[in-house]
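Student: Sharing a structure, written as structure tokens. Questions coming.
The values are calculated or read from the model by the stated rules, or taken from the named source; none is laboratory data. None of these values were measured; they are calculated from a predicted model. Methodologically, a virtual Cβ is constructed for each residue, glycine included, from the backbone with ideal geometry; neighbour enumeration extends over all protein chains shown.
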Amino acid sequence: MTRKKYNEDKILEKKRIIMQTAKEIFYNKGYENTTMNEIARNSKMAKGTLYLYFSSKKDLFFSLVYEGLLILEDLIKNKINAVNTGLDKILNMGRAYIQFYREYPDYYSFVIKYESEKAILDPSEIIIINTYEKSEEIYDILKLLILKGIDDGSIRKDIDVNKLSMLLWLQTVGIVQQFNLRKKLYENWDEDFPAEEILDYYVMFIEKSLKNDE
């Protein structure tokens, strides 16, 4: 291994340690209650070292949001590539979002915080721009799948693509978020309808509402 490669690996390793430590603290304490001092202490690094990699707490947090969006995007692509029709791809995109919520609760919480505050963020900051663009790329996948479904006949043709894509996105994000907030309540709600099945039933409902029965 060359010295240059060794140094590059050390830089990546330190950055990964910082991000992993920050991820745990942000998730357990929340963004507002987390400090760079605490992240540095738990990373076993000087506070100044953190600023060699991240310009601010916001920069570090949004690096994690972006990483979460990459994970979500990968889950979506794997799911939609496993089926053929536009309708099935849309349903699997919804399942991928639910999988993201279930398997990556930390990243999910970061993405939700970003989504809820997107409108008030400074759009001129590079990390915000990158995060916004990645979020829009994921949203655009949904639009393309709706168009495919209309074209291949699996989705009803009396559909406005822009309105439906916005509605599906808002529904999916909102239902998963509400489920997350009230999960304990739902667990004792109906013994014949297990809480974990609520989200799966939502996907089935979407299928019935979009399916072309002609």
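Student: What's the number of the only condition in (1) among the hydrophobic types (A, V, I, L, M, F, W, C); (2) surrounded by fewer than 23 Cβ atoms within 10 Å (Cβ to Cβ); (3) more than 30 Å from ILE17 (Cα to Cα) that ILE71 fails to meet?
Tutor: For ILE71, the exception is condition (3).
Student: Something else about it: Note down all Cβ pairs under 6 Å where the first residue falls in segment 25-42 and is in contact (Cβ under 8 Å) with a residue 24 or more places away in the chain, the second is crowded, with 16+ Cβ neighbours inside 10 Å and not in a helix (DSSP H, G or I), and they're at least six residues apart or on different chains.
Tutor: That search, which allows pairs on different chains as well, returns PHE26/THR34.
Student: Same structure again: For residues in segment 114-156 being acidic (Asp, Glu) and within 21 Å of GLU32 (Cα to Cα), which is nearest to the chain's Cα centre (by Cα)?
Tutor: So, considering only residues that are acidic (Asp, Glu) and within 21 Å of GLU32 (Cα to Cα), the one nearest to the chain's Cα centre (by Cα) is GLU115.
Student: Step by step: first the residues of segment 134-159, then only those that are surrounded by 14 or more Cβ atoms within 10 Å (Cβ to Cβ) and part of a loop (DSSP other than H, G, I, E, B), then the one that is modelled with the highest pLDDT. Which residue is that?
Tutor: Applying the filter and picking the extreme gives SER154.
Student: Of all the residues that make up segment 31-64, how many are farther than 16 Å from LYS15 by Cβ and touching an Asp or Glu at 6+ places or on another chain (Cβ under 9 Å)?
Tutor: 1
Student: Look through segment 160-210, keep the residues that are out of contact with any helix residue (DSSP H, G or I) (no Cβ under 6 Å at 6 or more places or on another chain) and not in a helix (DSSP H, G or I), and return whichever of them is nearest to GLU103 (Cα to Cα).
Tutor: My answer is PRO194.
Student: Among (1) surrounded by fewer than 18 Cβ atoms within 10 Å (Cβ to Cβ); (2) closer than 23 Å to PRO105 by Cβ; (3) at pLDDT 95 or above, which single condition is LYS58 missing?
Tutor: Going through the list (1) surrounded by fewer than 18 Cβ atoms within 10 Å (Cβ to Cβ); (2) closer than 23 Å to PRO105 by Cβ; (3) at pLDDT 95 or above, LYS58 breaks only (3).
Student: Of the residues GLU13, GLU103, which is of a type in the set (Asp, Glu), without any contact (Cβ under 8 Å) to a residue 12 or more places away in the chain and more than 30 Å from GLU207 (Cα to Cα)?
Tutor: After ruling out the rest, the residue left standing is GLU13.
Student: Go through segment 28-48 residue by residue and tally those that are in a helix (DSSP H, G or I) and surrounded by fewer than 13 Cβ atoms within 10 Å (Cβ to Cβ).
Tutor: Qualifying residue count for the region: 4.
Student: If you don't mind, there's one more thing I want to ask. Specify which of the listed residues (TYR114, TYR97, TYR101, TYR107) is modelled with pLDDT under 95 and either assigned to a helix (DSSP H, G or I) or crowded, with 22+ Cβ neighbours inside 10 Å (or both).
Tutor: TYR114
Student: Looking at ASP158, ASP152 in this structure, which one is without any contact (Cβ under 8 Å) to a residue 12 or more places away in the chain, charged (D, E, K, R) and farther than 30 Å from LYS29 by Cα?
Tutor: ASP158
Student: Just to be sure before I move on: is ALA82 outside the structural domain of TYR27 (by TED's automatic domain parsing) and modelled with pLDDT under 95 in the structure I sent?
Tutor: No, not satisfied.
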